[in-house]
Amino acid sequence: MNPIAIIIDNRQIHWDVIIIALTIPAWFFRAHSLNAGGGGKRLATWFWLPLAVVFGMFSSRMLYWYTHIEQYSSLSEALADRSSTAFSMLGLLPGIVLAAVTVRLMQLCKNLPALLDALAPATAMGMGLLYLTDLFNYNCRGKFLVESTSMQHLPFASAVPGAGGEVEYRFATFFISFLVLILIAHLCTNFYYDRKREYGATACMFLLLFSASEFILDSTRYDPEYFPFNGFVSILQIFSGVSILLLGIGWSIRALKKRGFQWYFILLWLGLAASMTATGILEYLVQRYSDQHAKIYTFMALSCFAMVVFPYILYSLGRTKLEPEEAPESFRLPFFFRTRPRLGRINEEKLERLGEEELERLAD
C-alpha cells in the first residue's frame, strides 16, 4: 500500500500520521464515556490523555531502544530518532498505567482500579487501531509466506517487497492483531457493562485476553523483540506467560478463600499448567519445523484458548457479587461523546414523587 496519503506542494502526509491523529481522540472519547458512565470524574480522563501520550511514547521508545540497543550509540540518540519503527507497542501499557496512577495521586479519581477498568476497552481499541499504521510501511508481514492465491489478500496476507524486488504475500500479522484487539475491546466493553463485576476485573480480563492472543500472534512476526540475553522467547511472549500465570495464581487464592479447597481445583491447575506447557512446546516446534507452521499454529491457537478458559473459571469461582444497593446503575455507550444513564433502581420515596407523565417518559 502507498504510505503517502496526501501530497501538497512538496509536503507529504503519510497514512500512519493520519491514523495516529484519529486514534488518539477515539481512544480518549472511548475511555471518557466509559469512565463518566461508570460514575468516575470526567476531569480524570482529560488529565489522563496527555500524560498517557507522553508516558506511553517514552516507555515504548525505551523498550524499543533496549531491544535494539546495537542500533544506537547512546540513549539520547535513540530518544531523538524519529524513525517510524522506533516504538514498541508493549511499551504503551506501563505508560498508560503510570498516567492513571498520576491521575489518582492528583486526587482526580477516587478508585484507581475503576479508572483502569474504564481504560481497558479503550486501550484495546487504541492499540488495535495503531497496528493499522504497519499496513503502510511493510511491517505487517509474518515470517511465513501465503502461497494460496485465494488467500493472498487482507485479512490473511499483505503484499510486501521481497529480497529480489518481487512482490511477496506474507501473513498479515498486524492486521490480524488489529481485528483481534477490536474484538477484545468489544468483549471488555460488555464485561465492563456488567454492574455486578468488582473493581479491577475488566482490566484483568483485558490483560488475560491480550496476553493469550498476542503470545501466538507475536510468534508469527518476522521481527519479534527479544531481550539481549535471550533470542528464543520474545519479550511479549514472556510478558504474556507471566501475566497469565499471575492472574491464575491470584484468582486461585481468592477462590480458595471463598470456597475452601475443592477437588476440582486440582483439575483446573493441571489444565492451566498443561495449556501453558503445550504452548511453550508448540512455540519451540514452530521455530524448529517452520514448514509445518499451519498445523502447529492450529494447535497453538487451541492451547492459547485454554490459557483463557482455565483462569476465567478460577475467576468465576472466586467472583464477588455486589449487592443490588452497592451496584452502580447500568449505562450504555452511544457512539463517542456522552453516556446517557438508563433508568436504574428507584426507591419508593422517589417513585411516589414522580408524576404519571414523568414515569411514561422514563418508560419510553
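The values are calculated or read from the model by the stated rules, or taken from the named source; none is laboratory data. From a predicted model like this one, the values you see are computed outputs, not experimental measurements. Quick reminder, even Gly has a Cβ in these numbers, built from the backbone with ideal geometry, and neighbours come from all protein chains shown.
Quick notes
- Members of segment 40-56 found to be surrounded by fewer than 18 Cβ atoms within 10 Å (Cβ to Cβ) and not in a helix (DSSP H, G or I), listed by number: Lys41
- Being modelled with pLDDT under 90, crowded, with 18+ Cβ neighbours inside 10 Å and out of contact with any strand residue (DSSP E or B) (no Cβ under 9 Å at 6 or more places or on another chain) is a property that Tyr72 lacks.
- Any hit, segment 183-202, residues being surrounded by fewer than 17 Cβ atoms within 10 Å (Cβ to Cβ), at pLDDT 95 or above, among the hydrophobic types (A, V, I, L, M, F, W, C) and within 28 Å of Tyr315 (Cα to Cα): yes
- For Leu270, the test of being at pLDDT below 95 and either outside any loop (DSSP other than H, G, I, E, B) or closer than 22 Å to Leu187 by Cβ (or both) is failed.
- So Gly37, is it in contact with a strand residue (DSSP E or B) (Cβ under 7 Å, 6 or more places away or on another chain) and surrounded by 14 or more Cβ atoms within 10 Å (Cβ to Cβ): yes
- Consider segment 96-151 and keep the residues that are among the aromatic types (Phe, Trp, Tyr) and either in contact with an Asp or Glu (Cβ under 8 Å, 6 or more places away or on another chain) or modelled with pLDDT of 85 or more (or both). The one that is farthest from Thr220 (Cα to Cα) is Phe136.
- Residues in segment 6-17 that are exposed (fewer than 15 other Cβ atoms within 10 Å of the Cβ) and either within 18 Å of Phe175 (Cβ to Cβ) or within 33 Å of the chain's Cα centre (by Cα) (or both): Ile6, Gln12, Ile13.
- Filter result for the condition that a residue is surrounded by fewer than 23 Cβ atoms within 10 Å (Cβ to Cβ) and in contact with a helix residue (DSSP H, G or I) (Cβ under 6 Å, 6 or more places away or on another chain), over Val146, Val180, Val160: Val180
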